[in-house]
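Accompanying notes for the structure given below.
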Amino acid sequence: MGVETKLGNMGVVTTTLEKVVNWSRTRAMWPMLFGLACCAIEMMAAQSADYDMSRFGMELMRASPRQSDLMIVAGRVTRKMAPVLRRLYDQMPEPKWVVAMGDCCSCGGVFNNYAVVPGVDEIVPVDVYVAGCPPRPEALIHGILTLHEKVKGEKLKDYA
Amino acid sequence: MSELDLAIAMLQEKLGEAVLSVESFRGETTVKIRPESIVEACTLLRDFEACPFNFLAALTAVDYFPEEPRFAVVYQLYSLPQRVFLRLKARVPSDHAEVATIEGVFPNANWHEREVFDMFGVRFLGHSDPRRILMPQDWEGHPLRKDYPLGYEEVQFSFNFDEIDRRKPYAKE
């Protein structure tokens with residue numbers, strides 16, 4: 001909103017600016033360590049040497065929400081953990097994205113009981129869902145690349 | 001007589017009426033006692049020199065709905081020197097689901113009793129920290145009771161996908 005109203009629709013300048021900004025956002029997106037359950041093992045496997053995620057820019061995982069852009073919710077979210085998850089999501093600075101990794105945070109997975117929240121999209125808005133129980137590291141990387149495609153399609157007027 | 005039998009004989013002698021029955025099945029011994037004398041029983045068993053039951057292995061409960069007395073609080077004691085298990089069961093009714101805490105006898109009972117309170121609603125008198133441990137603090141209901149609903153929400157198949165999609169509380173930002 002700000003840039004467009006100030007510069008006006010300058011056509012090729014804003015589209016190039018958009019492309020550059022989105023490209024740079026995808027190239028160095030640092031995930032936040034949010035491995036809750038079994039999917040965390042696959043996330044660790046995806047980060048480590050065999051299926052390297054740092055070749056896609058995710059060089060390291062920050063434990064602090066203040067220093068991360070991407071929250072990979074890996075594993076089932078219990079009802080007691082839900083407010084904590086929301087608070088950490090609120091503490092992340094813009095721009096931020098959420099990947100729901102695995103079945104339990106996408107839809108509740110195999111659980112339908114008092115303890116597990118059926119789908120983390122009831123708590124935070126999710127950008128990409130990765131299916132699997134647990135998803136293979138290659139599936140997670142595919143999810144990350146889908147997120148990159150989504151970020152590359154974002155428009156300047158949505159965030160500036 | 002084995003050490004376990006000595007311990008049970010001591011318990012019957014000291015508590016008398018409070019010991020309701022002693023059963024043994026496939027090597028596992030269960031002693032049913034009255035809930036009022038549970039603290040005394042645990043203290044006696046812990047301090048018995050021939051076979052000291054100095055380890056509380058488990059503290060859970062069973063819901064026998066709709067039979068009365070409804071809950072059975074189960075204490076699994078283990079004797080580390082003699083390597084024997086002993087189970088104590090205390091039945092409590094549903095309208096008066098209270099047992100004295102054995103936190104003074106076995107300190108690790110603190111969390112076990114909090115879990116039994118959270119899941120079954122059995123209150124422990126004299127407990128130093130009587131709050132829920134697994135569910136959120138403001139949760140209503142006790143999940144592992146027999147009259148608590150089993151599932152949580154309707155499963156979203158393809159044929160009812162859209163109607164559940166409309167009702168589901170998605171987070172917007």
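Just so it is clear, none of the values below were taken in a lab; they were calculated from the coordinates. Small disclaimer: the values here were computed from a predicted structure and weren't measured. When we count neighbours, we look across all protein chains shown, and the Cβ atoms used for this are built from the backbone with ideal geometry, even at glycine.
Before moving on, here are some points about what is shown:
- DSSP beta bridges confined to the range B:3-167 are antiparallel in about 75 percent of cases.
- Candidate aspartates and glutamates for bridging to B:LYS32, where Cα separation is under 12 Å - those fewer than 8 sequence places away on the same chain excluded: B:GLU17, B:GLU23
- Beta bridge orientation in the range A:2-155: antiparallel %, DSSP, nearest 5: 10
- Long-range HN-HN contacts of B:ALA100 with modeled amide H, under 5 Å: B:LEU125
- Coil-residue GluC sites (Glu not before Pro) of the range A:12-94, DSSP, other Cβ within 10 Å capped at 14: A:GLU59
- Here each label is just a point 7 Å from Cα along the line to Cβ, and for A:ARG62 and A:ASP90 those points are 2.0 nm apart.
- The distance between label points at A:THR146 and B:THR43 comes to 6.3 nm (points 7 Å beyond Cα on the Cα→Cβ vector).
- Amide hydrogen neighbours beyond the local backbone of B:VAL84, cut-off 5 Å, H modeled: B:SER79
- A:ALA115 paired with B:GLU3, simple spin-label distance in nm, labels 7 Å along Cα-to-beta-carbon: 3.4
- Crossing angle, helix B:38-47 versus chain B [Cα axis fit, 0-90 degrees, rounded to tens]: 50
- Between B:PHE65 and B:GLU17, the FRET efficiency estimated from the beta carbon spacing at R0 = 25 angstrom works out to 0.35.
- A simple charge model with +1 on the Cβ of Lys and Arg, -1 on the Cβ of Asp and Glu and nothing else charged puts the dipole of the protein assembly as shown at about 1000 debye relative to its Cα centre.
- Rounded to the nearest 20 debye, the dipole size of the range A:2-155 about its Cα centre is 340 debye, using +1 on the Cβ of Lys and Arg and -1 on the Cβ of Asp and Glu.
- The residue among A:PRO95, B:LEU150, A:GLY119 whose Cα reaches farthest toward the positive pole of the charge dipole of the protein assembly as shown, with charges on the beta-carbon of Lys, Arg, Asp and Glu, is A:PRO95.
- Vicinal HN-Hα couplings computed from phi for the range A:114-120 (Karplus, 6.51 cos²θ - 1.76 cosθ + 1.60; Hz; Gly/Pro x): 6, 9, 9, 6, x, x, 6
- Cα centroid of the range B:10-58 to Cα centroid of the range A:5-81, whole Å: 58
- Ratio Rg/Rh [Cα only; Rh per Kirkwood] for the range B:40-117: 1.00
- Rg/Rh ratio calculated on Cα atoms of the range B:3-167 (Kirkwood radius): 1.11
- Here the Kirkwood formula puts the hydrodynamic radius of the protein assembly as shown at 24.2 Å, using every distinct Cα pair.
- Share antiparallel - DSSP beta bridges, the protein assembly as shown, percent rounded to 5: 55
- Trypsin sites (Lys or Arg not before Pro) within the range B:6-63: DSSP coil, no more than 12 neighbouring Cβ in 10 Å: B:ARG26
- The orientation-averaged projection of the convex hull spanning the C-alpha atoms of chain A amounts to 9.4 square nanometres.
- Taking the Cα centre of the range A:32-77 as origin and assigning +1 to Lys and Arg Cβ atoms and -1 to Asp and Glu Cβ atoms, the resulting dipole is close to 220 debye.
- 25 Å Cα-Cα reach of A:LYS150 towards lysines, excluding residues that sit fewer than 8 places from it in its own chain: A:LYS19, A:LYS96, B:LYS168, B:LYS172
- Positive dipole terminus of the protein assembly as shown, leading residue within B:SER24, A:CYS107, B:ASN54 (C-beta point charges): A:CYS107
- The chymotrypsin sites (Phe, Trp or Tyr not before Pro) found in the range B:5-105 that occupy coil by DSSP, while having at most 16 further C-beta atoms within 10 Å, are B:TYR64.
- Segment B:ASP129..B:ARG26, full-extension length gain: 33.3 nm, with 0.36 nm per residue of separation and the alpha-carbon distance subtracted.
- Each of A:ALA45, B:GLN82, A:VAL77 was placed along the dipole of the protein assembly as shown (beta-carbon charges, centred on the mean Cα), and the one lying farthest toward the positive end is A:ALA45.
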